[in-house]
1. Going residue by residue through segment B:69-85, is there one that turns out to be touching a Leu at 6+ places or on another chain (Cβ under 8 Å), buried (at least 19 other Cβ atoms within 10 Å of the Cβ) and not polar (S, T, N, Q)?
2. Among the numbered conditions (1) in contact with a Pro (Cβ under 7 Å, 6 or more places away or on another chain); (2) in a strand (DSSP E or B), tell me where residue A:111 comes up short.
3. So which residues in segment A:1-29 are of a type outside the set (Lys, Arg) and open to solvent by less than 50 Å² (accessible area, probe 1.4 Å)?
4. Given the conditions (1) over 19 Å from residue A:345 (Cβ atoms); (2) more than 7 Å from chain A (Cβ to nearest Cβ); (3) more than 13 Å from the chain's Cα centre (by Cα), which single one is not true for residue B:35?
5. Report the residue count in segment A:1-49 for those that are among the β-branched types (Val, Ile, Thr), under 24 Å from the mean Cα position of the chain (by Cα) and farther than 17 Å from residue A:348 by Cβ.
6. With respect to the numbered conditions (1) among the β-branched types (Val, Ile, Thr); (2) within 13 Å of another protein chain (Cβ to nearest Cβ); (3) out of contact with any His (no Cβ under 7 Å at 6 or more places or on another chain); (4) open to solvent by less than 10 Å² (accessible area, probe 1.4 Å), which one is the sole condition not fulfilled by residue A:281?
7. Between a residue in segment A:243-268 that is modelled with pLDDT under 95 and any residue that is part of a strand (DSSP E or B), which pairs come within a Cβ distance under 8 Å, given they are 6 or more apart or on different chains?
8. All but one of (1) under 14 Å from the mean Cα position of the chain (by Cα); (2) closer than 21 Å to residue A:313 by Cβ hold for residue A:238; state the number of the condition that does not hold.
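The values are calculated or read from the model by the stated rules, or taken from the named source; none is laboratory data. Source: prediction; values computed, not measured. Heads up, the Cβs are rebuilt from the backbone with ideal geometry, glycines too, and the neighbour counts pull from every protein chain shown. With ligands, DNA and RNA removed, areas are computed over all heavy atoms of the protein, side chains included. Shrake-Rupley method; radii C 1.70, N 1.55, O 1.52, S 1.80 Å.
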Amino acid sequence: MTEYKLRMGDGKRIFMTKEQIIADLKEGMADAADLGSIPDLSEDEIDKLVDILTMPSRMVGVEQGMEVPVTHDIGTIRIDGDQGNSGVGIPSSRLVGAMMHERAFGADTMELGHIDYSFKPAKPVIAQEMQTMEVCQQNMVVPLLYGAMPNMGLYYTPDGPFENPGDLMKAFKIDEARQSMEHSAEHLTRDIIWIMQKMMASGSDGVNFDTVGAAGDGDMFASLHAIEALRKQFPDIYIEAGMAGELMLGMHGELEYDGVTLAGLWPHEQAALVAKAGANVFGPVVNTNTSKSAAWNLGRAVTFIKQAVKDSPIPCHVNMGMGVGGIPMLETPTIDAVSRASKAMVEIAGVDGI
Amino acid sequence: MGMPISHIMTSGMSGIRAAGDLVARMQLSKSMRVGEAKDYVAKKLDVTTDDLSDEYVMRELREDLGIGVITSVAGAPKGIAAKMNIEKLLDLNINCCDKFRKQIA
């Protein structure tokens, strides 16, 4: 019986028969459909996924004419960054990194970010960030955003001024934990607005919110209010808002935006709120399960993202970094897995970009 | 590092090798879905939407229009100069170009 080379969610090579691939695709799809209360993929779409996963080529590509723009989280820092993550540690300026992406790699867009890559640590070095943005804008042609993570966890002790909600909840101080999150959200919103005021004064095209909701619903609450304020103050600002995970975790549980409770929202439900706040592009996320096959993960991810694209009032650039969007969870995701997931998202989920 | 390049090669529009930056700019500035953004840019460039990812078509066209090319061409508009031409082409304002104009006014 013919076996095909696939990957596990952690990237390890596995061999599967066509029947096993179909079974895993359908199981992953059913998981997404059940969790999100969304439709299954059609039989034609399952067949197409099977075709993509069983193509013999090492690398596959979208059909000509179906290409989509690619935006980037972390951006130029992946060239000079060297923190044990995806950075390759080549000594270079961020301008050089941005220009390498534009002129050597054919990137459609780029972003500038601080090496610590959260909004809060950019505050003490804002003058440096402003000057770097100015120099980059003078030299770049592609849209160049300022990118950072809201990362509300930095506002909790021991890193920030507000008592850690995790510690408070362990002591059953639920109201105090919620208040700490609300105070943190206010400060985070204020910091994001202040930083982006500075970056817009330096010629930035806009902002990329990377990993919205990483600290739960308070993180998303703060980000949505920052988006809303930035849209009011800068009507032409480019705003991309990418999520941290597929499900909005209810760390607070009662926070709402536009009358909608944030806790428990799936990608297709998050999209409308991100658009309502004033973002131009939404970045939905589906997490990769490292214990499942690429077929299971891709079936699940495409099912979720297809619905998000359908329900979103704004373009969707699906998150497809390490461990999301059907991409294996390791620093160097294999090209065979990346290209297959990329093709599937464009041709089946119908994303507007990656 | 190889992952974003894999995406660019698999699905991307090749940035200023072709017209990926222009389509992305319409998505980011006007919230256009990909089809609408491609139609808008193709109409402005008087090419087909397939041409937007075609380096053969876009290489010479970009140089003619002064909107930035991927190779080093002496004397060709680069950076803000190229983006000022993109503003006119796509009928939109770009923030750094506005700042530049204010500084030289």
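1. Scanning segment B:69-85 turns up no residue that is touching a Leu at 6+ places or on another chain (Cβ under 8 Å), buried (at least 19 other Cβ atoms within 10 Å of the Cβ) and not polar (S, T, N, Q).
2. (1)
3. Correct list: A:6, A:8, A:9, A:11, A:14, A:16, A:17, A:21, A:24, A:25, A:28, A:29.
4. (1)
5. Final tally of qualifying residues: 0.
6. So residue A:281 meets the others, but not (3).
7. none
8. Failed condition: (1).
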